[in-house]
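Remarks on the structure that follows.
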Amino acid sequence: MEPKQLTFLQGSLRGVIVFVATLVMVRLSSKRSLAEKTAFDAVFIVVIGSMLARAINGSAPFFASLGIGFVLVALHRFFGMVAYFSHSFGILIKGNAVMLVQNGRVQHKNMRLNHISEHDLEEDMRLEAKTEDLSKIKMARVERSGDISFIKAE
């Protein structure tokens, strides 16, 4: 059936079924996947959302789309498990933390490579570390999630 041939009732029923199936998928996937903590998790959310939207609007076969959604959940869990056991694989799919400030000194090369301006760093320093004084920061890292973490000097 062509997407434009779906009636309101058919589209609604597809939406309800996909909603319930997605809840099951989310329960089967890791809790962190919803937090979109890394590019690995964000890509998973985008791809699964796109795939399941096709099931609702009829632009892809309904049951095949649901099945593919479950396969993607299984793949996400499998990659997460492999990353748990293999630090190298974890770095490959999730990235690595990068030092931005060390002992109060900005690491300009790392800032540039991560597209973080000094204004971005200062904003996060005010919001997260509750200071504007860079000399009070022992370390700042851009984490795999993209968040900047701060450790204050003692």
For region 117-135, check the following and say yes or no: at least one residue is in a loop (DSSP other than H, G, I, E, B) and buried (at least 16 other Cβ atoms within 10 Å of the Cβ).
no
Residue under question is residue 81, and the condition is that it be at negative phi, open to solvent by 60 Å² or more (accessible area, probe 1.4 Å) and in a helix (DSSP H, G or I); does it hold?
yes
Identify, please: which residue in region 3-48 is farther than 20 Å from residue 67 by Cα and not in a helix (DSSP H, G or I) and is, among those, modelled with the highest pLDDT?
7
Restricting to region 140-151, give me the number of residues that are surrounded by fewer than 16 Cβ atoms within 10 Å (Cβ to Cβ) and modelled with pLDDT of 95 or more.
2
Find the residue count for region 100-116, including only residues that are surrounded by 13 or more Cβ atoms within 10 Å (Cβ to Cβ) and under 30 Å from residue 81 (Cα atoms).
3
Any residue at all in region 57-67 that's under 18 Å from residue 22 (Cα atoms), of a type in the set (A, V, I, L, M), at pLDDT below 95 and open to solvent by 70 Å² or more (accessible area, probe 1.4 Å)?
no
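The values are calculated or read from the model by the stated rules, or taken from the named source; none is laboratory data. Source: prediction; values computed, not measured. FYI the Cβ positions are ideal-geometry reconstructions off the backbone, even for glycines, and counts take in every protein chain you see. Surface accessibility is based on the protein's heavy atoms, side chains included, excluding ligands, DNA and RNA. Shrake-Rupley method; radii C 1.70, N 1.55, O 1.52, S 1.80 Å.
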